[in-house]
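As structure tokens, the structure follows; a few thoughts come after it.
The values are calculated or read from the model by the stated rules, or taken from the named source; none is laboratory data. In this text, all values refer to a predicted model and were calculated from it rather than measured experimentally. Here the Cβ positions follow ideal geometry from the backbone for every residue, glycine too, while neighbour counts run over all protein chains shown.
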Ligand code: ADP
Ligand code: ADP
């Protein structure tokens, strides 16, 4: 579903931040992306979500070579990849409901056509009673779940989450892990960038380990 072959990435004329990355993300798979701070995890997430394109090497998404993607095809491709940013990036002046509905609103969909979907998704992440609340009054765990719901409202094939348990207490981290596992069971590929050893040790998932821009895969 996602394939990288000898991919390198540099910012501008700087050094290569990612070097010789070769791996695949199969459909319906679950993996952790880990490694020390500065190793390139966020950069790799940006690459996988098409905010950056490889400086060299080959990368394909859903069967298309990203180097030959036409500009007009990029938004549709991006909708197949849900992203949960480390800093959430919620809009403070929009309610929980409207934050989650935003990607569909941007697509120009009729609000009546997705009202139930947004309601169901908010129930699924446990925020049905927070749908009228605005981000500034939400807890870290609630914001994280709004961000997850917004990433999922377009029913992406892949979910990327950057340090989703970084700002929550251990019980909430457990709850989030269960959500990600359930999502994966329903058919979505999940990639979680994390430093959280406790989280990774709980399940037997593949680990993509970045060291200084290089990848090691285990087990
Ligand atoms: P991680 O998420 O593993 O901490 P990052 O991908 O954030 O790693 O950073 C990897 C390296 O890329 C770091 O040396 C960082 O300084 C550099 N870097 C990140 N973003 C940029 C950018 N926009 N421009 C130049 N260098 C960057
Ligand atoms: P309910 O728990 O009220 O039955 P649903 O799960 O059916 O909610 O989700 C749809 C609900 O979302 C409707 O009650 C509708 O009034 C509400 N709704 C629609 N638009 C918005 C909005 N912009 N902000 C908050 N709630 C909205």
(request) Would you tally the residues in region 135-160 being out of contact with any helix residue (DSSP H, G or I) (no Cβ under 7 Å at 6 or more places or on another chain) and either more than 17 Å from residue 121 (Cβ to Cβ) or assigned to a strand (DSSP E or B) (or both)? (result) 5
(message) Can you report the number of residues in region 64-95 which are within 19 Å of the chain's Cα centre (by Cα), buried (at least 16 other Cβ atoms within 10 Å of the Cβ) and farther than 27 Å from residue 3 by Cα?
(response) 1
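Residue-wise test of (1) at pLDDT 95 or above; (2) out of contact with any strand residue (DSSP E or B) (no Cβ under 8 Å at 6 or more places or on another chain); (3) surrounded by fewer than 16 Cβ atoms within 10 Å (Cβ to Cβ); (4) closer than 26 Å to residue 62 by Cβ.
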position	(1), (2), (3), (4)
147	yes, no, no, yes
151	yes, no, no, yes
159	yes, no, no, yes
171	no, yes, yes, no
175	no, yes, no, no
180	yes, no, no, yes
185	yes, yes, yes, yes
192	yes, no, no, yes
204	no, yes, yes, no
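Quick grid of which residues meet (1) closer than 28 Å to residue 194 by Cβ; (2) within 16 Å of ligand 1 (Cβ to nearest atom); (3) in contact with a helix residue (DSSP H, G or I) (Cβ under 9 Å, 6 or more places away or on another chain):
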{"position": "85", "(1), (2), (3)": "yes, yes, yes"}
{"position": "91", "(1), (2), (3)": "yes, no, yes"}
{"position": "100", "(1), (2), (3)": "yes, no, yes"}
{"position": "103", "(1), (2), (3)": "yes, no, yes"}
{"position": "107", "(1), (2), (3)": "no, no, yes"}
{"position": "111", "(1), (2), (3)": "no, no, yes"}
{"position": "115", "(1), (2), (3)": "no, no, yes"}
{"position": "119", "(1), (2), (3)": "no, no, yes"}
{"position": "126", "(1), (2), (3)": "yes, no, yes"}
